[in-house]
1. I'd like to verify a number: residues in the range 92-107 that are free of Cβ contacts under 8 Å to residues at least 12 places away in the same chain and more than 13 Å from Asp68 (Cβ to Cβ), how many?
2. Just give me the residues in the range 73-93 being touching a strand residue (DSSP E or B) at 6+ places or on another chain (Cβ under 7 Å) and either in a loop (DSSP other than H, G, I, E, B) or among the hydrophobic types (A, V, I, L, M, F, W, C) (or both), in sequence order.
3. Ala28 is checked against (1) over 15 Å from Lys110 (Cβ atoms); (2) surrounded by 15 or more Cβ atoms within 10 Å (Cβ to Cβ) and fails just one. What number does that condition carry?
4. Filter the range 14-72 down to residues that are part of a helix (DSSP H, G or I), closer than 30 Å to Asn95 by Cα and not acidic (Asp, Glu), then give me how many there are.
5. Since Ser123 meets every condition but one in (1) more than 18 Å from Ile53 (Cβ to Cβ); (2) part of a strand (DSSP E or B), which condition does it not meet?
6. Please name all residue pairs, on different chains or six or more residues apart, with Cβ atoms under 8 Å, provided the first residue is in the range 112-125 and is farther than 16 Å from Glu74 by Cβ and the second residue is among the small types (Gly, Ala, Ser) and surrounded by fewer than 18 Cβ atoms within 10 Å (Cβ to Cβ).
7. Which count do you get for residues in the range 74-99 that are within 22 Å of the chain's Cα centre (by Cα), among the polar types (S, T, N, Q) and surrounded by fewer than 20 Cβ atoms within 10 Å (Cβ to Cβ)?
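Here, each number is a calculation from the coordinates, and none is a lab measurement. Please read these numbers as outputs of a predicted model, since none were measured by experiment. Glycine also receives a Cβ, built like all others from the backbone with ideal geometry; neighbour counts cover every protein chain displayed.
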Amino acid sequence: MKNIFFFKKPAKISFYIYLIVFLLIVLAGILNIIFRNDDNSLKLEQDAINECISLCKIEKSKNISLIDGPCLSEEIVSNWACDITHSPKIDILDNNPINQCYSYKNGEIKHIVEVSEKCELISSK
């Protein structure tokens, strides 16, 4: 009677199992390198949030009006801008180019922290 299975010997079966496990480990390593969260970028984001909130509080203490939603800093930390935004957004104020961070809108800066006029975090992206 002929053997209808592709694998004829148990030794070949264990070789293929080891090969599959090895390839899965290599694949997991490659995916980890590609999709890992860079701790430095998370630290920069947190620093940008803290600095933006601090700057907002400083500007408020100087009795500077934040009602219009001005850009507080074109680059609060490396590659992060700081903007005052209303929640919910008020189109006439928040979409006015005078009140927007030019460096972010222009694409020179990739990330922005948005805080309310009360210096509360709205978003970071």
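1. The qualifying residues number 3.
2. Start the filter on the range 73-93 by keeping residues that are touching a strand residue (DSSP E or B) at 6+ places or on another chain (Cβ under 7 Å), which leaves 73-76, 79-85, 87.
Matches in the range 73-93: Ile76, Asn79, Trp80, Ala81, Cys82, Ile84, Thr85, Ser87.
3. (2)
4. To start, the set of residues in the range 14-72 that are part of a helix (DSSP H, G or I) comprises 14-35, 39-61.
Now drop any that are not closer than 30 Å to Asn95 by Cα, which leaves 41-61.
Then drop every residue that is not not acidic (Asp, Glu), which leaves 41-44, 46, 48-50, 52-58, 60-61.
Here the count works out to 17.
5. (1)
6. Short answer, once both residue conditions are applied: Ser116/Ser87; Ile122/Ser87; Ile122/Ser116.
7. So the count comes out to 3.
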